[in-house]
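See structure below.
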Amino acid sequence: MGPQFIPADSNDEQDRLLNELFMPPFRKGYVRVGPNKVLLPLYYLDYAGRIEDMEVRDSDVWIVSHPKAGTTWTQEMAWVINQDFDFEGAKVPLPERFPFLDHTPLFDYTDILPNLPELQLPLFVSDSVTYINEMKSPRYIKTHLPWELLPKQIREGTKKPKIIYVARNAKDTCVSYYHHCKILEGYSGSFDNYCKLFLGGSLCFAPFWPHVLNFWKRRDEPNILFLKYEDLKKDLPAVIRKTAAFLGKDLNEEQVDLLAEHLSFARMKSNPAVNYEAAIEINRRFNLTTADGHFMRSGQVGNYKEVMGPELIAEFDRWTQENLAKSELTF
């Protein structure tokens with residue numbers, strides 16, 4: 001049995017903005033799930049029970065994050081380290097070797113596919129849960145689901161996969177997620193309205209702070225590693241060493257330097273295995289979304305200053321301070 005939910009279809013401003021500005025062809029509505037009222041597409045309910053009861057393996061490596069917190073960067077880092085620097089294997093598209101558990105619940109193509117017979121979806125898109133269940137070990141699994149919606153075996157501790165959580169400051173996350181949602185998820189509104197939805201906990205996988213803090217408070221558990229995007233930017237080799245130690249791998253300095261170069265923003269942005277340009281091209285070709293842009297955009301810390309005015313920055317800062325006041329977490 002899946003978690004409790006309520007439809008996100010009330011007359012309040014959040015629900016009205018969401019349903020007016022964020023209803024692409026592959027969405028039929030939204031629900032708020034569980035005690036934190038996590039926002040997810042209606043289609044998630046078809047998969048909630050299967051995710052809840054999923055067979056987890058102790059040998060799994062999970063990357064968990066709020067969207068646009070450095071997920072792809074962390075996935076590629078963890079995969080290369082754990083696969084002993086198999087750069088040939090790393091040429092396989094990341095979604096295939098490191099699939100996204102909640103991919104299928106995000107994109108409901110059931111009414112679209114009959115009209116687009118030429119749109120052939122691989123299993124990791126059409127049924128991401130089955131794809132992951134059938135993978136050989138060690139499995140690499142990405143998810144944006146918050147702690148309370150992860151499979152029961154993880155929450156109850158009966159299985160202890162390696163979990164790497166990566167977090168990023170709220171302002172840069174919001175800006176990056178806005179561009180992502182325009183090009184890949186069909187958001188059609190303004191940046192100002194997007195910020196209202198972000199602050200109000202009305203975007204997929206929100207609310208933001210419970211997502212981050214539920215992993216922050218578990219950061220000392222032996223199977224959980226908590227990373228910050230800002231630290232990857234500031235000292236990538238140090239984070240590579242920390243991640244390798246967590247995964248039980250011993251790297252020499254030559255390997256650290258080699259991986260740091262592979263993970264540089266310029267290399268990642270031009271690498272077709274990780275830059276999601278193929279997915280963007282499918283959306284354009286079949287008119288599933290209309291905005292132009294790139295999955296990897298700036299990769300900077302503090303990029304929010306280019307698009308947020310002083311009042312909006314102050315609002316985000318107050319919101320951040322309120323939510324982090326009782327924690328030791330800083331960005």
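The values are calculated or read from the model by the stated rules, or taken from the named source; none is laboratory data. Everything numeric here is computed off the predicted structure, so don't read it as measured data. Because the Cβ atoms are built from the backbone with ideal geometry, glycine has one as well, and the counts that use them run over all protein chains shown. Calculation scope for accessible area: heavy atoms of the full protein, side chains included, ligands and nucleic acids excluded. Shrake-Rupley method; radii C 1.70, N 1.55, O 1.52, S 1.80 Å.
State which residue is nearest to residue 71 (Cα to Cα) when the search covers only region 240-259 and only residues that are out of contact with any Ser or Thr (no Cβ under 9 Å at 6 or more places or on another chain), open to solvent by less than 30 Å² (accessible area, probe 1.4 Å) and not aromatic (Phe, Trp, Tyr).
If we filter region 240-259 for residues that are out of contact with any Ser or Thr (no Cβ under 9 Å at 6 or more places or on another chain), which is where we start, we get 240-242, 244-248, 250-259.
Subset that is open to solvent by less than 30 Å² (accessible area, probe 1.4 Å): 240, 244, 246-247, 256, 259.
Subset that is not aromatic (Phe, Trp, Tyr): 240, 244, 247, 256, 259.
Values: 240: 14, 244: 17, 247: 17, 256: 19, 259: 16 Å.
My answer is 240.
Checked against the criterion of being farther than 30 Å from residue 264 by Cα and either more than 20 Å from the chain's Cα centre (by Cα) or at pLDDT 95 or above (or both), region 63-71 has no qualifying residue.
Against the definition (among the aliphatic types (A, V, I, L, M), at pLDDT 95 or above, under 20 Å from the mean Cα position of the chain (by Cα) and open to solvent by 10 Å² or more (accessible area, probe 1.4 Å)), how does residue 23 come out, yes or no? Yes; evaluated as a whole, the condition is true for this residue.
Only one of the numbered conditions (1) in contact with a helix residue (DSSP H, G or I) (Cβ under 8 Å, 6 or more places away or on another chain); (2) of a type outside the set (A, V, I, L, M); (3) assigned to a helix (DSSP H, G or I) is not met by residue 142, and that is (3).
Quick one: would you say residue 34 is open to solvent by 10 Å² or more (accessible area, probe 1.4 Å) and either on the phi > 0 side of the Ramachandran plot or touching a helix residue (DSSP H, G or I) at 6+ places or on another chain (Cβ under 9 Å) (or both)? Walk me through it before giving the result.
On the way: open to solvent by 10 Å² or more (accessible area, probe 1.4 Å): yes; either on the phi > 0 side of the Ramachandran plot or touching a helix residue (DSSP H, G or I) at 6+ places or on another chain (Cβ under 9 Å) (or both): yes.
The answer is yes for residue 34.
Candidates in region 312-330 are the residues that are open to solvent by less than 40 Å² (accessible area, probe 1.4 Å) and part of a loop (DSSP other than H, G, I, E, B); of these, the one that is nearest to residue 169 (Cα to Cα) is 329.
Could you list, in sequence order, the residues of region 37-46 that are of a type in the set (Ser, Thr, Tyr) and open to solvent by 20 Å² or more (accessible area, probe 1.4 Å)? Spell out how you get there, then give the answer.
Taking region 37-46 as the starting set, the residues that turn out to be of a type in the set (Ser, Thr, Tyr) are 43-44.
Passing the criteria: only 43.
In region 72-111, of all residues being exposed (fewer than 15 other Cβ atoms within 10 Å of the Cβ) and among the β-branched types (Val, Ile, Thr), the one that is nearest to residue 253 (Cα to Cα) corresponds to 92.
Count, please, the residues in region 187-216 that happen to be open to solvent by 20 Å² or more (accessible area, probe 1.4 Å) and either of a type outside the set (D, E, K, R) or within 19 Å of residue 34 (Cα to Cα) (or both).
Within region 187-216, the first condition is being open to solvent by 20 Å² or more (accessible area, probe 1.4 Å), and the residues that meet it are 188, 190-193, 196, 199-200, 207, 210, 213-214, 216.
Next, only the ones that are either of a type outside the set (D, E, K, R) or within 19 Å of residue 34 (Cα to Cα) (or both) stay: 188, 190-191, 193, 199-200, 207, 210, 213-214, 216.
Of the residues in region 187-216, 11 are open to solvent by 20 Å² or more (accessible area, probe 1.4 Å) and either of a type outside the set (D, E, K, R) or within 19 Å of residue 34 (Cα to Cα) (or both).
Name the one entry in 285, 297 that is on the phi < 0 side of the Ramachandran plot, at pLDDT below 95, surrounded by 15 or more Cβ atoms within 10 Å (Cβ to Cβ) and among the basic types (Lys, Arg).
297
Counting only residues that are without any contact (Cβ under 8 Å) to a residue 24 or more places away in the chain and assigned to a loop (DSSP other than H, G, I, E, B), region 1-39 holds 5 of them. Of all residues in region 122-168, those satisfying the criterion of being closer than 27 Å to residue 228 by Cα, of a type in the set (A, V, I, L, M, F, W, C), open to solvent by less than 20 Å² (accessible area, probe 1.4 Å) and under 17 Å from the mean Cα position of the chain (by Cα) are 132, 141, 145, 149, 150, 163, 164, 166, 167. Out of curiosity, is residue 274 modelled with pLDDT of 65 or more, closer than 30 Å to residue 217 by Cβ and in a loop (DSSP other than H, G, I, E, B)? When the stated conditions are applied, residue 274 does not pass them.
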